[in-house]
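Working notes, beginning with the structure itself.
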Amino acid sequence: QVKTTVLDAFAHKNVPFETLVSTLKPERLIGSNPLFQVMFLYHQTPDTPSLGPDITWTFKTMDLGVAKFDLTMYVAETDGQFTSIIEYATDKFESSIIQQIHGHFNTLVDGILANPSKCLHELPILTEAERSQILNEWNSTDETLNFTLTHELIAKKAAEHPDQTAILFNQRTISYGELHAKACQIAHNLRDNGISIGDRVGIAISRSPEMIASILGVLYAGAAYVPLDIKYPLSRLQHMGKDSAVSLLLTTENASKNFTEWNIEMLLVDNLPATDQLPLDIPKPEASDNAYVIYTSGSSGNPKGVPISHKNLAHSTAARFAYYHHQPKSFLLLSSFSFDSSVAGIFWTLASGGTLVLPEDNAEQDILALSDLIFESGVTHTLMLPSLYELLLSNVPLEKLQSLNTVIVAGEACPASVCDLHFAKLGGVNLYNEYGPTEGTVWSTVYQVPPGKHTNPVPIGKPIGNTRAYILDAALAPVPIGVIGQLFIAGAGISEGYLNNQALTAEKFISSPFNDEKLYSTGDLARFKPDGNIEFLGRSDQQVKIRGYRIEVSEIQHTIEAYPGIEQAAIVLQNSKLAGNKINADDSEQLSQLLMNMDPLEADYLLTSIESMDQFNAITEDPAA
């Protein structure tokens, strides 16, 4: 095939360049060849004539100081020896990248000569130095972290500082002593109802101190908690409860009305029998026992459970103490407790003796009220979506945010505009970009964003302590620096797999080709920067993130196809630039009428093109425009 293609091309080698250009009519750009930008040249140097013993001939390359193409590689054969030279445009390539490409080429040729029968994907491309740097140097993250059960750290803080404020919620103040006593009461009642080590307890409570006390109470009883968001459909909650084999449901009297059709034993935390006992004998589960199970969207049509062990949780929390210079004095928790980023705020804050600030549900929908809460509560730390943080910075008085010390953004890709806005308005506040799937216990890499001008994509950083990150190709071989591959993570935070789903576990949790540990396949596309930081570049599958939530579009597809009369459905994610703008009822009605009367492709273009309400209003006044 190659021979035929080459000979066909050579048959037209005498066509003038000008004829090609006039026939193909490529877009002409100054500084760019119109037909191709990369050239490979191979030639044999002729035998040098003999002109006597006193005269010798040598061939040398001539550097004219100008690159005609973006990249040209010359390979010359002289007396059985091969040399290669790369000429490149310096405004498009760094010299270090060219040296890297040259090293890859030589390594590949050496590999072919040594093993000519191997398949291409089996041949080496990384130099030994680069391979060692990617696999070993950048993954040299071993740390000796103090392994203590996380809820034991919190119980210790309660014993040391019982009067210190643990939770602020809706004008209520709950001390560590009160929180501990309530958690102990819940733990006693759980034990009285037969709950012990290894059991799983569902928690269906809205954001409140009772929710936090219930989480601690379940852990104090030695069991694992399963967060069940009461806003979810009952059928979804029932599936999660059945799949995780919850033995009992912790809820409140008001929320219990949502579960009357669910045949499950309930314990109402706001109506518990009093007890004077304190569980001084808090059971000590094994490190491998579950601490919690969180459900994420599943491609099968049902959510999938991710069990996190006490070892995973203890590592995740200890790694925060080791990495962050400032521990939270006051942490604003915005995440739903059924979302794994809540784990960071709850356990990091309470294990450090700080105050957990709980806004009411949907607090993020009122940015001004949220800024008042930050100001009045003296919030020092928070973790939020980059899109929400951008809204906060853009719409609230800066004096409301002066108490902030550390802002963590996570849950979705962080655009450079957020970083630029942060340093323009809160230059003295530390900004971090965290990355990590639920399967990695909240976080796996982190990047401290430096001041200055930023470009997209903002890196997700380097692996945290006792965690390793690999970017691999389809054959599980490490890709070169700057080349896109799939991100795999390993280390102390990685879950053992999915609950009751051996097939998916075997697919996603694989044996490492580099050592004896397990790799988790994130499905995320990424690449290494020359400094070792990782850039996130999207997904390799159809999973999407909306406001921080992982959503498998096939789960939505399965749900739609379950309706009578629907045989097949297709789901497509569309980004509307209007999504971040406030549209009143009249505008919304105008927009709806306008779109209904348009061709679908035109409507789609309109939605993805409008950048401001002024543009929208202009169009609704004169749709023909």
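The values are calculated or read from the model by the stated rules, or taken from the named source; none is laboratory data. Computed from a predicted structure; not experimentally measured. Virtual Cβ from ideal backbone geometry, glycine too; neighbours counted across all protein chains shown. For accessibility, only protein heavy atoms count, side chains too; no ligands or nucleic acids. Shrake-Rupley method; radii C 1.70, N 1.55, O 1.52, S 1.80 Å.
Structure notes:
- Region 67-86, residues that are under 19 Å from PHE36 (Cα atoms), free of Cβ contacts under 8 Å to residues at least 24 places away in the same chain and part of a strand (DSSP E or B): ILE86
- Subset of region 104-140 (residues that are among the aromatic types (Phe, Trp, Tyr), farther than 25 Å from PHE488 by Cα and either in contact with a helix residue (DSSP H, G or I) (Cβ under 8 Å, 6 or more places away or on another chain) or in contact (Cβ under 8 Å) with a residue 40 or more places away in the chain (or both)): none
- Filter pass, GLN365 being at pLDDT 95 or above and surrounded by fewer than 19 Cβ atoms within 10 Å (Cβ to Cβ): no
- Residues that are in a helix (DSSP H, G or I), open to solvent by 20 Å² or more (accessible area, probe 1.4 Å) and of a type in the set (A, V, I, L, M) are absent from region 351-362 altogether.
- Filter pass, ASN456 being of a type outside the set (Asp, Glu), open to solvent by 20 Å² or more (accessible area, probe 1.4 Å) and either modelled with pLDDT of 95 or more or not in a strand (DSSP E or B) (or both): yes
- Test for ILE510: is it within 21 Å of GLY305 (Cα to Cα) and open to solvent by 10 Å² or more (accessible area, probe 1.4 Å): yes
- Some residue of region 490-505 being within 30 Å of ASN395 (Cα to Cα), open to solvent by 10 Å² or more (accessible area, probe 1.4 Å) and in contact with a Pro (Cβ under 9 Å, 6 or more places away or on another chain): no
- Condition check for LEU267: in contact (Cβ under 8 Å) with a residue 12 or more places away in the chain, assigned to a strand (DSSP E or B), over 30 Å from LYS329 (Cβ atoms) and open to solvent by 10 Å² or more (accessible area, probe 1.4 Å): yes
- Exclusive hit being aliphatic (A, V, I, L, M) and assigned to a loop (DSSP other than H, G, I, E, B), set ILE125, ILE167: ILE125
- GLU439 assigned to a helix (DSSP H, G or I) and within 30 Å of LYS518 (Cβ to Cβ): yes
- Total residues in region 171-187 satisfying the condition of being in a helix (DSSP H, G or I) and either aliphatic (A, V, I, L, M) or buried (at least 20 other Cβ atoms within 10 Å of the Cβ) (or both): the figure is 10.
- Of all residues in region 519-561, those being at pLDDT below 80, part of a loop (DSSP other than H, G, I, E, B) and of a type outside the set (S, T, N, Q) number 3.
- Members of region 285-295 that are under 18 Å from the mean Cα position of the chain (by Cα) and open to solvent by 10 Å² or more (accessible area, probe 1.4 Å): TYR295
- Which listed residue, of VAL226, VAL218, VAL246, is touching a residue at least 12 places away in the same chain (Cβ under 8 Å), closer than 25 Å to TYR176 by Cα and touching a Gly at 6+ places or on another chain (Cβ under 6 Å): VAL226
- Here the condition is being among the aliphatic types (A, V, I, L, M), within 30 Å of LYS508 (Cβ to Cβ) and part of a strand (DSSP E or B); of ALA314, ALA318, ALA322, ALA291, it holds for ALA291 alone.
- Filter pass, LEU168 being modelled with pLDDT of 95 or more, open to solvent by 40 Å² or more (accessible area, probe 1.4 Å) and within 35 Å of the chain's Cα centre (by Cα): yes
- Count of region 467-496 residues which are farther than 18 Å from GLU130 by Cα, part of a loop (DSSP other than H, G, I, E, B) and under 18 Å from the mean Cα position of the chain (by Cα): 4
- Filter result for LYS156 (in a loop (DSSP other than H, G, I, E, B) and free of Cβ contacts under 8 Å to residues at least 12 places away in the same chain): no
- Considering residues of region 363-414 that are of a type in the set (S, T, N, Q) and assigned to a helix (DSSP H, G or I) only, the residue nearest to ILE167 (Cα to Cα): SER377
- TRP57, sole failed condition from (1) in a loop (DSSP other than H, G, I, E, B); (2) out of contact with any Pro (no Cβ under 6 Å at 6 or more places or on another chain); (3) open to solvent by less than 90 Å² (accessible area, probe 1.4 Å): (3)
- Any hit, region 533-541, residues being in contact with a helix residue (DSSP H, G or I) (Cβ under 9 Å, 6 or more places away or on another chain) and among the aromatic types (Phe, Trp, Tyr): no
- Any hit, region 311-329, residues being open to solvent by 40 Å² or more (accessible area, probe 1.4 Å), within 30 Å of ARG236 (Cα to Cα) and not basic (Lys, Arg): no
- All positions within region 1-35 that are closer than 24 Å to ASP91 by Cβ, open to solvent by 70 Å² or more (accessible area, probe 1.4 Å) and among the β-branched types (Val, Ile, Thr): ILE30
- Residue check for ALA213: in a helix (DSSP H, G or I) and farther than 19 Å from VAL357 by Cα: no
- Taking the numbered list (1) surrounded by fewer than 20 Cβ atoms within 10 Å (Cβ to Cβ); (2) under 35 Å from the mean Cα position of the chain (by Cα) in turn, ALA204 passes all entries but (1).
- Pairing each residue of region 473-490 that is of a type in the set (Asp, Glu) with any residue that is outside any loop (DSSP other than H, G, I, E, B) and open to solvent by 10 Å² or more (accessible area, probe 1.4 Å), provided the two are 6+ apart or on different chains, yields C-beta distances under 9 Å for ASP473/HIS121; ASP473/GLN486.
- Single residue of region 431-453 satisfying the filter (aromatic (Phe, Trp, Tyr) and open to solvent by less than 10 Å² (accessible area, probe 1.4 Å)) that is nearest to THR382 (Cα to Cα): TYR432
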